[in-house]
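Read through the structure below, which is laid out as structure tokens, and then see the notes.
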Amino acid sequence: MKKELTISIFEVVGSPLCVASSDGQKIYDRLSAAFKDGRSAILSFHNVSTLTSAFLNAAIGQLYGEFNEEQIRALLKVKDMEPDDLALLKRVVETAKQYFKNPQRFDQAIQDTLGDEGNG
């Protein structure tokens with residue numbers, strides 16, 4: 001078995017503020033590469049003070065478009081997360097799982113909503 005990868009969110013982002021999806025993308029890129037290489041990963045949220053769903057969607061949510069739920073559960077662990085951040089992560093994961101089951105349906109609903117606003 002290959003060595004487990006530990007990713008410090010604080011070190012990668014360079015700030016305790018994890019709010020931008022572009023910063024989340026940096027985490028996703030590392031996770032995706034590790035998973036493709038058969039390595040598990042631990043995400044450490046030590047020193048992170050602010051976390052948004054945009055960041056978590058980019059970092060973790062989009063994994064569900066590339067890997068199945070069983071792979072992600074087996075390969076990804078999180079630590080040092082505040083309880084309210086864990087609740088946010090759970091919501092992001094549930095939304096990602098629903099989205100990637102049927103992305104066309106979600107995209108169509110968004111298009112329908114935006115189209116309706118544009119015609120008003």
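Select from Gly24, Gly14, Gly61 the residue whose mean-square fluctuation is largest in a Gaussian network model of the chain (Cα-Cα springs shorter than 10 Å). Judging by the Gaussian network model, the answer is Gly14.
Spacing of the modelled spin labels on Val78 and Lys3, each 7 Å from Cα toward Cβ, amounts to 2.6 nm. Here the Karplus curve 6.51 cos²θ - 1.76 cosθ + 1.60, taken at θ = phi - 60°, turns the phi angles of the stretch 86-103 into couplings of 4, 5, 5, 4, 4, 5, 4, 5, 4, 5, 4, 4, 5, 4, 6, 5, 8, x Hz, with x standing for Gly and Pro.
Along the stretch 38-43 the Karplus relation, 6.51 cos²θ - 1.76 cosθ + 1.60 evaluated at θ = phi - 60°, assigns HN-Hα couplings of x, 9, 8, 9, 10, 9 Hz to successive residues, with x for each Gly and Pro.
One entry in (i) 27, 18, 12; (ii) 30, 17, 12; (iii) 21, 19, 11 is semi-axes √(5λ) of the Cα gyration tensor in Å calculated from the shown coordinates; its label is (i). The helix-based estimate of mean residue ellipticity at 222 nm for the chain, built from -39,500 (n - 2.57) per DSSP H run of four or more residues and divided by its residue count, is -18500 deg cm²/dmol to the nearest 500.
Sparse packing (at most 12 other Cβ atoms within 10 Å of the Cβ) combined with a DSSP loop state is found for none of the trypsin sites (Lys or Arg not before Pro) in the stretch 62-120. Ordered by the count of other Cβ atoms within 10 Å of each Cβ, fewest first, Ser22, Ser44 give Ser22, Ser44.
Find, among the GluC sites (Glu not before Pro) in the stretch 1-100, those assigned to loop by DSSP (not H, G, I, E, B) with at most 15 other beta-carbon atoms within 10 angstrom. Those that pass, being in a loop and sparsely packed, are Glu4, Glu66.
Computed from the coordinates by the stated procedures, all read-outs in this text should not be read as laboratory data. None of the values given here were measured: they were computed from a predicted structure. Neighbour counts run over all protein chains shown; Cβ positions are idealised from the backbone, glycine included.
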